[in-house]
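In what follows, a structure is listed as structure tokens, so that the remarks can point back to it.
The values are calculated or read from the model by the stated rules, or taken from the named source; none is laboratory data. Just so you know, these numbers come straight off a predicted model, no measurement behind them. Every residue, glycine as well, gets a Cβ built from its backbone with ideal geometry; the counts of neighbours run over all protein chains shown.
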Amino acid sequence: MTETLPTEPRLTRLPNGVTVATIAMPGLETAAIALNVDVGARHESEAENGLAHLFEHMVFKGTTQRTARQIAEEIEDVGGALNAWTSRDHTVFHARVLAQDLGLATDIVTDLFLNPRFDALDLEKEREVVLSEIGEALDTPDDLVFDLLQAIAYPGQALGRSILGTAQSLEGLDSSSLARWRDRHYRGPGLFVTAAGKIDHDALVAQTESRLGHLPATRDTAHQPARWQGGTLADGRRGEQTHLVLGFEGPHPGDPRHHAAQIFAFALGGGMSSRLFQELREERGLAYSVSAAHSTHSDTGMLSLYCAARPKDASAALDLARTVARQTAETLTMAEFARARAQLKAGLLMGLESCTGQADWLGRALLVHGRIISPAEAIATLEAVSLEEARAAGAAMLASPPALAAVGPRAEKLADKLAA
């Protein structure tokens, strides 16, 4: 049987701060590469809202070396795939190819931000594309409700604004806005090139240095610290379902309570055996979609409880969700705790069984922690959490000022109920 276990990761920092990290996976004939940048929507001013996401779109519209069609055709000519995403903290460009084509993928991924054309006509067309994306999000209640939650949890802050921006903010962005964004943020520090699969680390370092070694070695990435506030926000549109999500402040990734919060959230609503799923759906039939999760930004976290219910059941679903959450913090059993921890461990390891998963893991570790964290270290940290710590983490989150967002019929009544 061919050995496919990954080797130990290798890391090289270039003189200007660009970091290259790789994991070789013997037995594979493919490779994944990602350019991870520690800048996202929360680094925007209010007038720039949507700029990070628009930048990610616009670099695919063509460079001085390739047209938009050539970008697509070159990667697909070799059977590869290329994509990108923007979050509030980060931007990532990634590709997967046959190992022999990793050099081409690296060249294309770096070309995107090194040599973008930012053509004014392309910008006008892409602005319309993003406006369509905004419209789609507004028409999708289970997406919109989480944007509303973010807005009410972090009001008046970049962290609370939509990643996509608004029609008004997009109208104020032009080619010079995009160029300034690139020049300000896409510098040596904060750029992490990660790759996994059939990899030659030294060759990738050499190519990265030739492509990115000239970038400035200094950069200001200051952003407004997160300030949790809480409150209620409702969109009482017509529909067959009322979507609601209840949020509480949670620990950030560097907080010692982070893993305990993850376990608590998973036990509360991370699977079919969770208390929320069993109580709201299986026992009471109040909702079809039920979940809980603990998500994080660089300096804050959020426990969210979500469900979609018929309007007549939404109030009862909200009451029961709050009750179940409080009870879980008080009476979480060892069996529930162990099950949630096992699910988190399995999810982590299953996600690492591809070169894309391994490259993503490296990127997330470097972006969030500034260092490589092995799966074994992550699992050991999970294993070290006690039942009492998971309960305490849950109680601490539930003690914070709640934030409630609701979309659909009777949404305003839900907001009034929580505020009362």
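Among the numbered criteria (1) under 28 Å from V97 (Cα atoms); (2) of a type outside the set (V, I, T); (3) surrounded by fewer than 18 Cβ atoms within 10 Å (Cβ to Cβ), which single criterion is violated by L367?
(3)
Restricting to the range 141-170, give me the number of residues that are farther than 21 Å from E126 by Cα and not in a helix (DSSP H, G or I).
Total satisfying the criteria: 4.
Within the range 201-218, work out how many residues are in contact with a strand residue (DSSP E or B) (Cβ under 8 Å, 6 or more places away or on another chain) and over 10 Å from V20 (Cβ atoms). Can you show your working first?
If we filter the range 201-218 for residues that are in contact with a strand residue (DSSP E or B) (Cβ under 8 Å, 6 or more places away or on another chain), which is where we start, we get 201, 204-205, 208, 212, 215.
The next check asks that each one be over 10 Å from V20 (Cβ atoms); those that pass are 215.
Total meeting the criteria: 1.
Is it fair to say S210 is assigned to a helix (DSSP H, G or I) and among the small types (G, A, S)?
yes
Considering only the range 95-143, state which residues are polar (S, T, N, Q) and in contact (Cβ under 8 Å) with a residue 60 or more places away in the chain.
Passing the criteria: T106, T110.
Inside the range 112-124, can you point out the residues that are more than 26 Å from the chain's Cα centre (by Cα) and among the aliphatic types (A, V, I, L, M)?
Within the range 112-124, A120, L121 qualify.
Looking only at the range 242-289, which residues are touching a strand residue (DSSP E or B) at 6+ places or on another chain (Cβ under 7 Å), among the charged types (D, E, K, R) and free of Cβ contacts under 8 Å to residues at least 40 places away in the same chain?
R281, the sole residue that qualifies.
With the structure loaded, tell me whether V109 is among the β-branched types (V, I, T), under 24 Å from S295 (Cα atoms) and either under 25 Å from the mean Cα position of the chain (by Cα) or crowded, with 21+ Cβ neighbours inside 10 Å (or both) or whether it fails that test.
Against the criterion (among the β-branched types (V, I, T), under 24 Å from S295 (Cα atoms) and either under 25 Å from the mean Cα position of the chain (by Cα) or crowded, with 21+ Cβ neighbours inside 10 Å (or both)), V109 does not qualify.
Hey, can you tell me all the residues within the range 45-80 that are charged (D, E, K, R) and either surrounded by 23 or more Cβ atoms within 10 Å (Cβ to Cβ) or under 19 Å from D101 (Cα atoms) (or both)?
Result: R66, R69, E73, E74, E76, D77.
Need the failing condition index for G247 against (1) closer than 22 Å to G363 by Cβ; (2) crowded, with 24+ Cβ neighbours inside 10 Å; (3) within 19 Å of the chain's Cα centre (by Cα), just the number.
With (1) closer than 22 Å to G363 by Cβ; (2) crowded, with 24+ Cβ neighbours inside 10 Å; (3) within 19 Å of the chain's Cα centre (by Cα) applied to G247, the lone miss is (1).
Please state which of the following conditions I75 fails to meet, knowing it meets all the rest: (1) in contact with a helix residue (DSSP H, G or I) (Cβ under 8 Å, 6 or more places away or on another chain); (2) at pLDDT below 95.
Condition not satisfied by I75: (2).
Taking helices (runs of 4 or more DSSP H) that do not extend beyond the range 340-420, which have at least 2 residues that are touching a helix residue (DSSP H, G or I) at 6+ places or on another chain (Cβ under 9 Å) and under 23 Å from H297 (Cα atoms)?
It comes to 355-369, 375-383, 387-398.
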